[in-house]
Amino acid sequence: MNPSVAWSNDEITVWQFPLTATSEELDRLSSVLSPYEFAWAHSFGKPEARKASIVRRGQLRILLAEQLQVTPKEIEFESLAFGKPIVKGSDLHFSATSCLEYGGVAISKTRQIGLDLEHPDRLMVAPHWPGDDFDDYDHFLANTKEERLQRYVQDWCRREALGKASGHGIRTLDAIPTPEPFATIKFFDLEAQVHDIPAPDGYHQSIAWMVD
């Protein structure tokens, strides 16, 4: 299935796609991977994980290639100091995310960006999950348990998008103030904005970008 545009503004476009594919689609996506990406995908023991890895990387390469007007196999990646991937030899900015059954890619020609997609079912098995005790999360306490769960997922998603946009990743999440949409968030010596954008049913998705 081809990616569909989930959200866009004058500077950023976000595409969404399922991490499933037919045999023909998998063959097509596999053909654009680098040898390392192909080997990495086939290192997963479960067929579903192998397919998801192929779809994630293949769709990312195809979307970037369309913007750069090159073939997908011509795309080369390198990493910044804290591991943020970039396209070698290009000023194009991108951020990729995936969660359970869906993946997403954001691309911008002008701004450093971060995209994150989350679902409660994945966060509830993560090491940082607080369980049923949200007492340390004061800004959640006015809500019901279900509302607090959704706010926790929303808060985590916004923070991770901001961490990706900054280039520092999730290692900096504790340093990011509670992010509210449309406000300018200040952390370290950086400024950014984060917006909640449409996501598949049951998911939460946020896009963040650095402010000049």
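May I ask you to verify whether Y152 is in contact with a Pro (Cβ under 8 Å, 6 or more places away or on another chain) and modelled with pLDDT under 75?
No: the conditions fail for Y152.
What is the one condition in (1) assigned to a loop (DSSP other than H, G, I, E, B); (2) in contact with an Asp or Glu (Cβ under 8 Å, 6 or more places away or on another chain); (3) at pLDDT 95 or above that M1 does not satisfy?
Here M1 meets the rest and fails (3).
For the stretch 1-48, which positions are of a type in the set (A, V, I, L, M, F, W, C), within 17 Å of L63 (Cβ to Cβ) and loosely packed, with under 13 Cβ neighbours inside 10 Å?
Matches in the stretch 1-48: M1, V5.
Looking at the stretch 83-114 only, could you name the residues that are in contact (Cβ under 8 Å) with a residue 40 or more places away in the chain and exposed (fewer than 13 other Cβ atoms within 10 Å of the Cβ)?
Scanning the stretch 83-114 gives G83, K109.
What strands (runs of 3 or more DSSP E), lying completely within the stretch 153-212, carry at least 3 residues that are surrounded by 17 or more Cβ atoms within 10 Å (Cβ to Cβ) and on the phi < 0 side of the Ramachandran plot?
190-197, 204-210
Considering only residues of the stretch 1-30 that are free of Cβ contacts under 8 Å to residues at least 12 places away in the same chain and out of contact with any Ser or Thr (no Cβ under 7 Å at 6 or more places or on another chain), which is nearest to E76 (Cα to Cα)?
So the residue we want is D27.
Of (1) at pLDDT 95 or above; (2) over 23 Å from H168 (Cβ atoms), P47 satisfies all except one. Which?
(1)
Could you check the stretch 91-125 and list, in sequence order, the residues that are in contact with an Asp or Glu (Cβ under 9 Å, 6 or more places away or on another chain) and not in a strand (DSSP E or B)?
Once the filter is applied, which keeps residues that are in contact with an Asp or Glu (Cβ under 9 Å, 6 or more places away or on another chain) and not in a strand (DSSP E or B), the stretch 91-125 yields L100, K109, T110, R111, H119.
Just give me the residues in the stretch 52-83 being part of a loop (DSSP other than H, G, I, E, B) and either within 16 Å of S34 (Cβ to Cβ) or touching a His at 6+ places or on another chain (Cβ under 8 Å) (or both), in sequence order.
V70, T71, I75, E76, F82
Give me the pairs: first residue in the stretch 183-203 and more than 13 Å from Y102 (Cβ to Cβ), second residue assigned to a loop (DSSP other than H, G, I, E, B) and basic (K, R), beta-carbon distance under 8 Å, and six or more apart or on different chains, which are they?
Listed pairs, sorted by first residue: none to list.
The values are calculated or read from the model by the stated rules, or taken from the named source; none is laboratory data. The structure displayed is predicted, hence computed values, not measured ones. Here Cβ is always computed from backbone atoms with ideal geometry, including for glycine, and neighbour counts include all displayed protein chains.
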